[in-house]
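A.B. asks: Can you keep this structure in mind? I'll have questions shortly.
The values are calculated or read from the model by the stated rules, or taken from the named source; none is laboratory data. On a predicted model such as this, the values are computed, not experimentally measured, just so you know. As a convention, Cβ positions derive from the backbone with ideal geometry for all residues, glycine included, and neighbour counts pool all protein chains shown.
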Amino acid sequence: MALPGTIEMLDTLVSTPSVSCTDADIDRSNAAVIEHLANWLDELSFDVEVIPMPDVPGKANLIARRGGTGPDGLVLAGHTDTVPCDPHLWDVDPFAITEKGDSFYGLGTCDMKGFFPLALNAVAAFEGESLTKPLTVVATCDEETSMDGARYLQSKGFLKARAAVIGEPTDMRPVRAHKGIMMLSIQIEGASGHSSNPALGKNAIEAANQIISRLIRYREALAERHRHLDFEVAVPTLNFGCLHGGDNPNRICGSAELQIDFRTLPGMDSETILAELTAEVIAAAGDFPITVTPLMKPVSAHETDADGHLVRTLERLSGKTSGVVAFGTEAPFFDALGMETVVFGAGSIDQAHQPNEFLPAAQIDPMERALTALIDHYCR
């Protein structure tokens, strides 16, 4: 069976829903997408391994290898899940490919199911040829919610290579660094009572105010200690995203929850920051019982040397200078396995997570050529 055409493969993947969501009623399996990729890679003479996620029915990763052995060669990696969508906001069917003008529309076209057909076409250019160093294609689950697919591969040490390309949409600009992310819930327990007498209770909203004030000072101190001038926002950020508490104006607020988003810079350790932040919260809360709970497992920041071999190679192949971005990817998990890792893909992050997501037709051939040259460079 010959490999299907680029748009046929893209349509197959897009029309196979694999939404990843923290809401179990919306969350979907990625198994069918993994099966399509496994079948195509099998046709290209790869040794294909489908790795089910433990204790998560219907979710799996894929690792497909071809060529030599050892800790060398190249990894081409991407995630198979998409965010949820609101079909009524789309001008086209999000679960089918629609060609309009010079673009292909559909959920996941740029973020990031569109990477796989382009990578497979690049791989197909070497069908029947000997690869002296290993070429590995990786497809993960649940990047959009927990990144647990990549976490699992990293924790088990499944991957070895010299270099890895994460095919997230970067408009074909090599991305060598991005910030990390941490989201936390701060639960504050007070005591309710009649508002006419503050002594009858302990107001959790007032404790939240004390915590916010102290965290603002902590944020300012971090900005003095940590700067990375390559980023548009050159300091770590701490956003107060949600504050929930109380039930009536004439009742002392008995409990409250503050949710925050923290973006770390390369070089900052997430566990250290979490410990510092928790200590600041406890100190500000005084005698109010406090619980600090991560809303998601932290994702570390990522940075590859600007003079690294993969960075320079992709700059040459793309004709674009490498840069940094604010959004996060699975790159830190490949970093942890000892690979030089760069984020590089067709499409724009500006279209990701939006109605009418699209992949520009003009970037398909250049992306395939760049990946083909990269495989030739690292594996042959």
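A.B. asks: Looking at 34, 51, can you tell me which residue is assigned by TED's automatic domain parsing to the domain that holds residue 164, within 26 Å of residue 122 (Cβ to Cβ), hydrophobic (A, V, I, L, M, F, W, C) and in a strand (DSSP E or B)?
C.D. replies: Numbers: 34 fails: in a strand (DSSP E or B).
Testing whether each residue is assigned by TED's automatic domain parsing to the domain that holds residue 164, within 26 Å of residue 122 (Cβ to Cβ), hydrophobic (A, V, I, L, M, F, W, C) and in a strand (DSSP E or B) leaves just 51.
A.B. asks: Has the range 141-163 got at least one residue that is within 14 Å of residue 343 (Cβ to Cβ), of a type in the set (Val, Ile, Thr) and either touching a residue at least 12 places away in the same chain (Cβ under 8 Å) or assigned by TED's automatic domain parsing to the domain that holds residue 58 (or both)?
C.D. replies: Scanning the range 141-163 turns up no residue that is within 14 Å of residue 343 (Cβ to Cβ), of a type in the set (Val, Ile, Thr) and either touching a residue at least 12 places away in the same chain (Cβ under 8 Å) or assigned by TED's automatic domain parsing to the domain that holds residue 58 (or both).
A.B. asks: Any chance the range 104-121 includes a residue that's within 20 Å of the chain's Cα centre (by Cα), among the acidic types (Asp, Glu), part of a loop (DSSP other than H, G, I, E, B) and under 24 Å from residue 43 (Cβ atoms)?
C.D. replies: Going through the range 104-121, the residues within 20 Å of the chain's Cα centre (by Cα) turn out to be 106-119.
When the remaining residues are screened for being among the acidic types (Asp, Glu), the result is 111.
After this cut, where a residue has to be part of a loop (DSSP other than H, G, I, E, B) as well, the list is 111.
From what is left, the residues that are under 24 Å from residue 43 (Cβ atoms) are none.
So far as the range 104-121 goes, no, none of its residues is within 20 Å of the chain's Cα centre (by Cα), among the acidic types (Asp, Glu), part of a loop (DSSP other than H, G, I, E, B) and under 24 Å from residue 43 (Cβ atoms).
A.B. asks: Which residue out of 45, 29 is under 17 Å from residue 144 (Cα atoms), touching a residue at least 12 places away in the same chain (Cβ under 8 Å), of a type outside the set (Phe, Trp, Tyr) and in a loop (DSSP other than H, G, I, E, B)? So that I can check it myself, show each step before the final result.
C.D. replies: Details: 45 fails: under 17 Å from residue 144 (Cα atoms).
It is 29.
A.B. asks: Still on this model: Taking the range 76-99 as the search range and keeping residues that are free of Cβ contacts under 8 Å to residues at least 40 places away in the same chain and not in a loop (DSSP other than H, G, I, E, B), which one is surrounded by the fewest Cβ atoms within 10 Å (Cβ to Cβ)?
C.D. replies: Ranking the qualifying residues of the range 76-99, first place goes to 88.
A.B. asks: Looking at residue 58, is it touching a strand residue (DSSP E or B) at 6+ places or on another chain (Cβ under 6 Å), at positive phi and in the same structural domain as residue 95 (by TED's automatic domain parsing)?
C.D. replies: Details: touching a strand residue (DSSP E or B) at 6+ places or on another chain (Cβ under 6 Å): no; at positive phi: yes; in the same structural domain as residue 95 (by TED's automatic domain parsing): yes.
The answer is no for residue 58.
A.B. asks: On to the next question. Can you say whether residue 326 is of a type in the set (A, V, I, L, M), outside the structural domain of residue 265 (by TED's automatic domain parsing), surrounded by 19 or more Cβ atoms within 10 Å (Cβ to Cβ) and within 15 Å of the chain's Cα centre (by Cα), as far as the supplied structure shows? Step through it out loud before you land on a result.
C.D. replies: On the way: of a type in the set (A, V, I, L, M): yes; outside the structural domain of residue 265 (by TED's automatic domain parsing): yes; surrounded by 19 or more Cβ atoms within 10 Å (Cβ to Cβ): no; within 15 Å of the chain's Cα centre (by Cα): yes.
Answer is no for this residue.
A.B. asks: If you go through the range 214-236 one residue at a time, do you hit one that is part of a strand (DSSP E or B) and either of a type in the set (Ser, Thr, Tyr) or surrounded by 17 or more Cβ atoms within 10 Å (Cβ to Cβ) (or both)?
C.D. replies: Checking the range 214-236: not a single residue is part of a strand (DSSP E or B) and either of a type in the set (Ser, Thr, Tyr) or surrounded by 17 or more Cβ atoms within 10 Å (Cβ to Cβ) (or both).
A.B. asks: Which residues, taken from the range 240-261, are surrounded by 12 or more Cβ atoms within 10 Å (Cβ to Cβ) and more than 19 Å from residue 290 (Cα to Cα)?
C.D. replies: 251
A.B. asks: For the range 268-276, check the following and say yes or no: at least one residue is farther than 20 Å from residue 325 by Cβ, touching a His at 6+ places or on another chain (Cβ under 6 Å) and modelled with pLDDT under 95.
C.D. replies: Step one: filter the range 268-276 for residues farther than 20 Å from residue 325 by Cβ, giving 269, 271-276.
Imposing the further condition that a residue be touching a His at 6+ places or on another chain (Cβ under 6 Å) reduces the set to none.
No, there is no match, as no residue in the range 268-276 is farther than 20 Å from residue 325 by Cβ, touching a His at 6+ places or on another chain (Cβ under 6 Å) and modelled with pLDDT under 95.
A.B. asks: Provide a single number: the residues in the range 254-282 that are in contact with an Asp or Glu (Cβ under 6 Å, 6 or more places away or on another chain) and small (Gly, Ala, Ser). Steps first, please.
C.D. replies: Taking the range 254-282 first, the residues in contact with an Asp or Glu (Cβ under 6 Å, 6 or more places away or on another chain) are 255, 266.
Remaining after also requiring small (Gly, Ala, Ser): 255.
Selection size over the range 254-282: 1.
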